[in-house]
Amino acid sequence: MGWQEGAEGRGRWQRVAGPFVSCHDAGCVQATGHGALCDLRDRNAAGSLVSPLFLEDEAGQVGKEWSCKESLQSHPIPAARVFGASWKRFPSLWWEPLRPDLSSMAGRDPSMPKLAWTEEEEAKVNAPPAQQPHELTEVQVLQAGWDQPEQEQQQHQEQEAIAVELDKRVLHSVIPLHHAPGILRSIYQWLVSNTEQSAQHRLDRSLLELAEEHPHDVVVTLLRCSPACDRAAVTMWRVMVVSSRTKKKVMAELCRVLKDWPFHRTSTSDGDNTDVFALAATRVLWELLRPANYPMEEEMSFSLPLMVLLFQIFASAQQTPEEVETFFRECQQEEGIATSPSRFALLTLKALLCRVGYDMLVLELGKRNIWEMLLHAESHHWAVGLLARAMKHVSRTERRQIVLYLETWLINNEPRWKVPAMAFLVEMLACKDLKMECLRVMQLFPRYLRSECTAVRQLVLKGLKTLSRRPYVAKKMEFLLPEIMGILPELEGDVAGNALFVLKNMLKEMTISKANPTALQLAERLPAFFDSESSSTQLQSIHFFRAVMSRLFAAREKEQLKTHVRQSVIPLFFHLHDENQQVAEAAEETLLDAAKFLQRTKLVDLLERKQTWRLGKCLLEDNSLGEHLRQSLPYLQSPQEPLRLEAVTFIGLIARRVRDWREEELPIIYEAIQGMTDDVSSSVSSLATETLFIIRAAMRLPRSVPGLRGLSYRLWKARKKCSALAFLCCCCCAQG
């Protein structure tokens, strides 16, 4: 590396790095090889400005020639490509050897455009060699002699030359896939270095062409170039999303990045695997939602951004990596708009709804505190459902798009989004004009009914309950029957009620040959739901059981059904005393049908005459004391006082009819009744004390006492004595 004087000795000095050869014409020095770097600023005798050009021969060798206009015309280089930009700063411009179009240079200004150097290159070029300080002084004097207007004009020419070369590469040739990221970076760097307002849209055509052919590389590369979305990036994003050619492709890629929180792990065609912040895509969307960047007259499809922003709020509310927090703090210092990534995503979501004309909806949801619910992971999917319910009034096209997006994500089985996605989808299924979409979405439900996530199963059954109300849809649900029957024993509360509602509607639309075996299975499982904590599930199960009995009354499965009906009699008997009047009435009607089905005429007569106080003794006439005792014990722990009271009474009736007290049964009954003596209800505790006294008296009877008559007499006397003691205790309490 050193300084060398031109061949003609005109006092022009240049610094040359790497191998070089001298050009004896016009006093030029041509440096060849990739390491060549020259700096020469001088004018020849005719006033022609000497300026650098990059050359690339057909062998792929890149060099740098210092020449004037006359030298280029008299000594053309047939196997070289003239570049108007630095190959280090714009590497994408020298990916293909082309022959120069020197004829186009004939009409140019005598001064050739200078290269736009990077800061690093200028620092290296302008740095003086330590060994030759006198040469540095000479270059500095020459540079200081240039006047400012001429420098600005030369800089403008350089920028225009770069833009021309970029346009040629994009518009007049086929772009190889792996060169697209490099060209995009060159366009971005050109906009960064060119701050003139008139030049902001100089490369729009090239940018749109590149985005149309390679949307993935363009979106990901631009996010890497400017994650904070600076002025140049905003200009590029606006151009791409306003144009009808690239709007859908670019927004789809941008939303794909938005959906992957916290990073979008992707690879561009040039092999770059650097992670991209999904929050950076939110930052871009925030900028695009400003009226100045996205005119109102432009039609904006908001369904996809709406979905991905909802899911990003959900993900960012759960965890935020340190890198994302750091990036967000940098953005916050510039804009000062939010306190956390999740709230920033929420603000972007609100801005999206306002931009498409749903500002009143934003205010209404704020009054209902739905926005705050979205920020908490435990309540997010409920808030999503409420938001989806409010979105039913959007256009049918947008609703169809929303369902399509949700269906695609659920098919891909993305575990992070399945709960909020299903919550939104279930609400969309209530729209009756989405007939075909509903039938298609049902194909996803078998997999999610088997899910270990309880929330997902609840949401699926809620959606099926909505769909089963439509007869034409209920006919198509038969393929879901095995899945619902399989999970039915595991369900509780309102979720079980939804499943029973779906099964009931499905059974109505099924043929007899398929419905009867299913009804028989349900008759076995339904009594377990008579004691559900949910009153609606209780009503569903009792009414459904009655419908099953009516359906199978004259069928060949009647004999098999009798066993299940007998098992339901005792639970129905206890629910005659239920605090919920609707449940009590449903139990009475179903018990009457069960008595008719079992041909228990005395029981039918008592029910028809409303003599419910005599039903206990009547039920014990079938001599199934052990089974009745097993079914009665759980009702001692019922939260309802009337049911606990009836359970103690019924167990006392069983005790009076026992012929032979077995040792293994006595401790169970004794312990159960003894636990009721300190019940919160005085009626239950006093009745339990009386029943416990009867059981103690029965335990003291010798085993040699023959027959039921002697045992009944002793129990009767014990009961009388206990009643007298209870009466005296009550009197003493009253006097006290």
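The values are calculated or read from the model by the stated rules, or taken from the named source; none is laboratory data. Owing to the predicted nature of the structure, the values given are computational and were not obtained by experimental measurement. Every residue, glycine among them, receives a Cβ derived from its backbone with ideal geometry; neighbour counts consider all protein chains shown. Side chains included, ligands, DNA and RNA excluded: accessible areas come from the protein's heavy atoms. Shrake-Rupley method; radii C 1.70, N 1.55, O 1.52, S 1.80 Å.
What to note about this one:
- Screening LEU715 on (1) modelled with pLDDT of 65 or more; (2) buried (at least 16 other Cβ atoms within 10 Å of the Cβ) shows it passes everything except condition (1).
- Residues (under 18 Å from PRO482 (Cβ atoms), under 38 Å from the mean Cα position of the chain (by Cα) and either of a type outside the set (S, T, N, Q) or modelled with pLDDT under 90 (or both)) located in region 520-543: LEU522, ARG525, LEU526
- Unmet requirement for MET510, which otherwise passes all of (1) more than 18 Å from PHE424 (Cα to Cα); (2) open to solvent by 30 Å² or more (accessible area, probe 1.4 Å): (2)
- Filter result (surrounded by 15 or more Cβ atoms within 10 Å (Cβ to Cβ), modelled with pLDDT under 90 and among the small types (Gly, Ala, Ser)) within region 589-627: GLY616, SER624
- Selection within region 672-690 - assigned to a helix (DSSP H, G or I) and open to solvent by less than 10 Å² (accessible area, probe 1.4 Å): ILE673, VAL684, ALA688
- Cβ-Cβ distances below 7 Å connect the following pairs, each with a first residue in region 562-585 that is within 16 Å of LEU615 (Cα to Cα) and touching a residue at least 12 places away in the same chain (Cβ under 8 Å), a second residue that is of a type in the set (Val, Ile, Thr) and open to solvent by 10 Å² or more (accessible area, probe 1.4 Å), and a separation of six or more residues or different chains: LEU576/THR612.
- Breaking point among (1) out of contact with any Leu (no Cβ under 7 Å at 6 or more places or on another chain); (2) exposed (fewer than 15 other Cβ atoms within 10 Å of the Cβ), for GLN560: (1)
- Unique residue being part of a helix (DSSP H, G or I), open to solvent by less than 50 Å² (accessible area, probe 1.4 Å) and closer than 25 Å to ASP679 by Cα when the list is ARG644, ARG656, ARG630: ARG644
- Among helices (runs of 4 or more DSSP H) entirely within region 214-317, having at least 2 residues that are over 15 Å from LEU347 (Cα atoms) singles out 215-225, 231-242, 247-259.
- Residues located in region 431-458, provided they are open to solvent by 10 Å² or more (accessible area, probe 1.4 Å) and within 20 Å of LEU503 (Cβ to Cβ): LEU439, GLN443, LEU444, PRO446, ARG447, ARG450, SER451, THR454, ARG457, GLN458
- Search result, residues across region 528-544 that are open to solvent by less than 20 Å² (accessible area, probe 1.4 Å) and either of a type in the set (Val, Ile, Thr) or in contact with a His (Cβ under 9 Å, 6 or more places away or on another chain) (or both): PHE530, THR537, GLN538, ILE542
- Qualifying residue in region 358-370 (condition: open to solvent by 30 Å² or more (accessible area, probe 1.4 Å) and aromatic (Phe, Trp, Tyr)): yes
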